[in-house]
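Please read the structure below before turning to the comments.
Rule-based calculations on the coordinates, nothing more; no lab input. These figures come from a predicted structure and were not determined experimentally. Heads up, the Cβs are rebuilt from the backbone with ideal geometry, glycines too, and the neighbour counts pull from every protein chain shown.
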């Protein structure tokens, strides 16, 4: 499975709610190997931070950085702007847009 922008968005959106552990991300539906690569990539981009807690047993937590938060906000603005351009003249599409936003807020 390849890493997609949607996977990155889902991980960042999840971390915006609070710190997570590796197994917490498995509910997103990403395979373990792909998730491991994704977390490394996001850490290299300085969008997330990996924190190893030195209690026994060792635990690794992930948190979103300031860069990650601003990246997430910018991404959400771009998504909304793109959808608004698609639906600006159609009542049917405006209604559909509101339903999509409602459900995306429930999912993420």
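Taking 0.36 nm per residue of sequence separation and subtracting the Cα-Cα distance, how much length would be gained by fully extending the chain between residue 16 and residue 37, in nm to one decimal?
Going from the current span to full extension adds 5.6 nm.
At 222 nm, what helix-only mean residue ellipticity would the chain give, in deg cm²/dmol to the nearest 500, using -39500 (n - 2.57) for each DSSP H run of four or more?
Taking each H run of at least 4 residues, the total per residue is -20000 deg cm²/dmol.
In whole angstrom, and with the biggest value first, how far do the Cα coordinates of region 1-56 range along each principal axis?
33, 20, 20
Computed FRET efficiency, Cβ-Cβ of residue 60 and residue 3, R0 22 Å: what is it to the nearest 0.05?
That gives a FRET efficiency of 0.70.
Could you tell me how many degrees, from 0 to 90 and to the nearest 10, lie between the Cα long axis of helix 91-107 and the main elongation axis, the longest principal axis, of the Cα atoms of the chain?
The angle comes out near 20 degrees.
Could you tell me the calculated FRET efficiency between residue 99 and residue 53, based on Cβ-Cβ distance and R0 = 41 angstrom, to the nearest 0.05?
E between residue 99 and residue 53, to the nearest 0.05, is 0.50.
In what sequence do 28, 64 fall when counting other Cβ within 10 Å, fewest first?
Final ranking by Cβ density, sparse to dense: 28, 64.
Just the number: Rg to Rh for the chain, Cα atoms, Kirkwood Rh, two decimals.
The Rg/Rh ratio comes out at 1.06.
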